[in-house]
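Before any comments, here is the structure.
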Amino acid sequence: MAAITACAITPDKNFIQILETLSEKLEQPFFITYAPYTFKCILIFTAAYFLGIGIYESQKRNYRRGVEHGSAKWGNVSEICRRYCEKQYTNNLLLTQHFRMGLDGYKHKRNLNVLVVGGSGAGKSRTYAIPNIMQCNCSMVITDPKAELLRKTGGVLERNGYEVRVFDLINPETSWCYNPFAYVRDDKDVLKLINNLIRNTTPKGAQSSDPFWEKSETALLQALMLYLLHEAPPEEQNFPMIMEMLGSAQVKEDDEDYQSPLDILFERLEMRDPESIAVKQYAIYKQAAGVVCFKRLIHHDMSKSLKTYKATKQKGDPHEQTENNRPV
């Protein structure tokens, strides 16, 4: 078009004559010859073309005709479910009877954190917890104060290949064992463990008029635990062994120089390693008034603390690693 227009333009023609000549040229659009104004016309037409495209693109808007007052509508549970759920039914988190969400959060870009709020008897366990446990689609850690979930789902989990482990502080004889030593890595962990043990076995509101006894109890427990941590083999690092060591700490009221098997044990350790922290803590404990200190600790505070963690050795520890799914 630019070349045809250039052929119609001459200096001696006015605008009307140029239009008449252009009409004649358009009757034969493929008969193009080079004219003095051809190059200029091509530049002008090209610039006009790109200018028009720029104006058109700059004026494009998403007007959304017909939805000026909003497009919100009631959702369809089936459509939403298809968007978020997995094809295999058991690989989903059940939220309602008709809506479920897949366990792969990378696919639907949503987290799986759920807070269920309801009063007693509202159906939190029956309508949410139990159906999702029975999906049997992952390893689970379940807090079950009333043992209701264990009674209703334990058999189902075992039939589906799960290894069900129960940690029961009310009936420890039927519970899996818990060995805090399995989580101890260094001396600082021992101190934290003992502080937690004493703090959580002390009745609420109880206050001692003399902190001497609690400090002595802490020093003795630290000495025994640190000795097991650094000197004993892994199979002996447990609370039953601490109770056994305490049982060997005998005293005789009529013989202040008497050395119990526990005293001899720490004396030998001191000969091998005088800088042992276990030896230092045992020395702090021994500064107490021998018979009175030991009897009060054993028969009151310490025995109550250790019985909380004492369990049989036949059960095993939840810290042990297995290849099976393990709901606890």
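The values are calculated or read from the model by the stated rules, or taken from the named source; none is laboratory data. Computed from a predicted structure; not experimentally measured. As a convention, Cβ positions derive from the backbone with ideal geometry for all residues, glycine included, and neighbour counts pool all protein chains shown.
The rows are residues; the columns are (1) at pLDDT 85 or above; (2) of a type in the set (Asp, Glu).
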{"position": "244", "(1), (2)": "yes, yes"}
{"position": "249", "(1), (2)": "no, no"}
{"position": "265", "(1), (2)": "yes, no"}
{"position": "280", "(1), (2)": "yes, no"}
{"position": "299", "(1), (2)": "no, no"}
{"position": "302", "(1), (2)": "no, no"}
Scan segment 230-243 and report the pairs whose first residue is assigned by TED's automatic domain parsing to the domain that holds residue 197 and whose second residue is polar (S, T, N, Q) and buried (at least 18 other Cβ atoms within 10 Å of the Cβ), with Cβ atoms within less than 9 Å and a gap of 6+ or a chain change.
230/276; 231/276; 237/179; 238/179; 239/179
Can you find a residue in segment 186-195 that is closer than 27 Å to residue 286 by Cα, in a loop (DSSP other than H, G, I, E, B), free of Cβ contacts under 8 Å to residues at least 40 places away in the same chain and over 23 Å from the mean Cα position of the chain (by Cα)?
yes
How many residues are among the basic types (Lys, Arg) and assigned to a loop (DSSP other than H, G, I, E, B) when one looks only at segment 128-157?
1
Return a yes/no flag: does segment 90-112 have any residue that is farther than 30 Å from residue 9 by Cβ, part of a loop (DSSP other than H, G, I, E, B), out of contact with any strand residue (DSSP E or B) (no Cβ under 6 Å at 6 or more places or on another chain) and outside the structural domain of residue 135 (by TED's automatic domain parsing).
no
Pick out the one residue from 49, 56 that is surrounded by 10 or more Cβ atoms within 10 Å (Cβ to Cβ) and outside any loop (DSSP other than H, G, I, E, B).
49
When restricted to 62, 111, 92, the only residue more than 27 Å from residue 126 (Cβ to Cβ) and among the polar types (S, T, N, Q) is 62
Expected single match for outside any loop (DSSP other than H, G, I, E, B) and modelled with pLDDT under 85 among 68, 20 is 20
Would you point out which residue out of 101, 140 is modelled with pLDDT of 90 or more and in contact with a Pro (Cβ under 6 Å, 6 or more places away or on another chain)?
140
